[in-house]
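Report on the structure given below.
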Amino acid sequence: MSPPNLIQTHPLHTVSAPVALSYELFPPRTPAASDSLWKTIKELEATNPDYVSVTYGASGTNRDTAVELLNRLLNETTLRPLAHLTCVGNTAEELAEIVTDLLENGVRGILALRGDHPRDGSLEHPPGSLHHAQDLIELIRGVEQRRTALLCAGRVAIGVAAYPAKHPESPSQEHDIEVLLAKQRSGADFAITQVFFHAGQYADLVRRARRAGVTIPIIPGVMPLTSLRRLQRLGDLTGVEPVPELVRALASADDDGERRRIGVQATVDLARAALDAGAPGIHLYTFNEHGAALEVLDKLQLLRPDRPTFARRRATPLSASVLAG
Ligand code: FAD
């Protein structure tokens, strides 16, 4: 066996790698919701996350509010946004235009998704529309290639969805892994998982993915399990059944404080199990609320890099401040 080389023995490689931290936000639907979201954003910003993701309604139902939130994050905070983008119901031309706009506004990370079909079957598939997230990844890489100079030859970080419990439309978990591998081959850089409620599901997904040749980081998506109503609604939306013992414990809690304590501890246990299985980061589904997310974070005591708090980005356009200076 050859001796370890200089790179392998460098201190950066011998200490444990820091854990990535990210949050999911959704575009607010009312001015009051926007005010409350901005309080949450300020609280989350203080924890120095690596990025915050912004959801996108299937077929672009909330395109304007999503773009507005992304732009404000870029211009008014130190946060790096990851823009979710769904392709269902949109043509390749429409999507290429949206991706171009995102890049021109300064977004450098996109979570490429198919989006959910409405249950009432109301969604029209215009001719030339994309069918799978894999098609969207290839489209983004195509737009990126045409704009290499603008990106200073850099790449857009493309994330994709992965499923610890089977995707509801998928024939099997093996098929889910084949799809994840296909998304990697098309240019995905990392994956974030759908919510899951059993501690072993994340480790099992990673084991199966690695065996099949998936090498990209798979980041567990963890939701603070403090609201029974949200847990059940999410179960309906995603097809992922909440654990009956947790549902029972939340339902029989004496008050909101007790429910919160039970839910935060269950979330910490889930995230800790994923970290013990080698998860490279934690993605917290915040539902635009910081309280429970920060409690989970506090209890997790993640190993995070020490970062200086950078000066707030300029809120005024560059041209205006350059002219003024
Ligand atoms: P795909 O990878 O296209 O998979 C969809 C189905 O098609 C699966 O059953 C898959 O097995 C099958 N499939 C895929 N490719 C092929 C192929 N080549 N051949 C045959 N079958 C194939 N939804 C939103 O509307 N907005 C959001 O912002 C949003 N954010 C999300 C964030 C995360 C982290 C996750 C996990 C999900 C998110 N979703 C969001 C939900 C997501 O859109 C749904 O789960 C959707 O049903 C599938 O999206 P996908 O990107 O996994 O699709």
(request) Name every residue in region 178-187 that is within 10 Å of the ligand (Cβ to nearest atom) and either part of a loop (DSSP other than H, G, I, E, B) or closer than 19 Å to Asp116 by Cα (or both), in order of residue number. (result) Val179, Leu180, Lys183
(request) Taking Glu178 as meeting all but one of (1) at pLDDT 95 or above; (2) crowded, with 18+ Cβ neighbours inside 10 Å, write down the number of the exception. (result) (2)
(request) Restricting attention to region 262-292, report how many residues are of a type in the set (Phe, Trp, Tyr) and touching a Lys or Arg at 6+ places or on another chain (Cβ under 8 Å). (result) 1
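Anything in region 81-106 that is assigned to a loop (DSSP other than H, G, I, E, B) and surrounded by fewer than 18 Cβ atoms within 10 Å (Cβ to Cβ)? List them, or say none. Break it down stepwise before answering.
The initial filter retains those residues of region 81-106 that are assigned to a loop (DSSP other than H, G, I, E, B), namely 87-90, 106.
Gly106 - this is the single residue of region 81-106 that is assigned to a loop (DSSP other than H, G, I, E, B) and surrounded by fewer than 18 Cβ atoms within 10 Å (Cβ to Cβ).
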(message) So if I check each of Ser59, Ser122, Ser36, which one is modelled with pLDDT under 95 and not in a loop (DSSP other than H, G, I, E, B)?
(response) Ser59
(message) So, in region 19-71, how many residues would count as being away from the ligand (no atom under 16 Å from the Cβ) and under 22 Å from Gly291 (Cα atoms)?
(response) 19
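Answer yes or no as to whether Thr193 is within 19 Å of the chain's Cα centre (by Cα), open to solvent by less than 20 Å² (accessible area, probe 1.4 Å) and β-branched (Val, Ile, Thr). Explain how you work it out, then say what you get.
Values: within 19 Å of the chain's Cα centre (by Cα): yes; open to solvent by less than 20 Å² (accessible area, probe 1.4 Å): yes; β-branched (Val, Ile, Thr): yes.
Spelling it out, Thr193 is indeed within 19 Å of the chain's Cα centre (by Cα), open to solvent by less than 20 Å² (accessible area, probe 1.4 Å) and β-branched (Val, Ile, Thr).
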(request) Could you give me the residue pairs with C-beta distances under 9 Å whose first residue belongs to region 191-210 and is touching a residue at least 24 places away in the same chain (Cβ under 8 Å), whose second residue is open to solvent by less than 40 Å² (accessible area, probe 1.4 Å) and of a type in the set (Lys, Arg) wherever it lies, and which are 6+ apart or on separate chains? (result) Ala191/Lys183
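Please work out if Ala161 is part of a strand (DSSP E or B) and either within 24 Å of Ala96 (Cα to Cα) or more than 8 Å from the ligand (Cβ to nearest atom) (or both).
Values: part of a strand (DSSP E or B): yes; either within 24 Å of Ala96 (Cα to Cα) or more than 8 Å from the ligand (Cβ to nearest atom) (or both): yes.
It is true that Ala161 is part of a strand (DSSP E or B) and either within 24 Å of Ala96 (Cα to Cα) or more than 8 Å from the ligand (Cβ to nearest atom) (or both).
The values are calculated or read from the model by the stated rules, or taken from the named source; none is laboratory data. Here the structure is a predicted model, which means the values were calculated and not measured. No Cβ is skipped: glycine too gets one built from the backbone with ideal geometry, and neighbour counts run over all protein chains shown. Please note that ligands, DNA and RNA were not included when accessible areas were found on the heavy atoms of the full protein model with its side chains. Shrake-Rupley method; radii C 1.70, N 1.55, O 1.52, S 1.80 Å.
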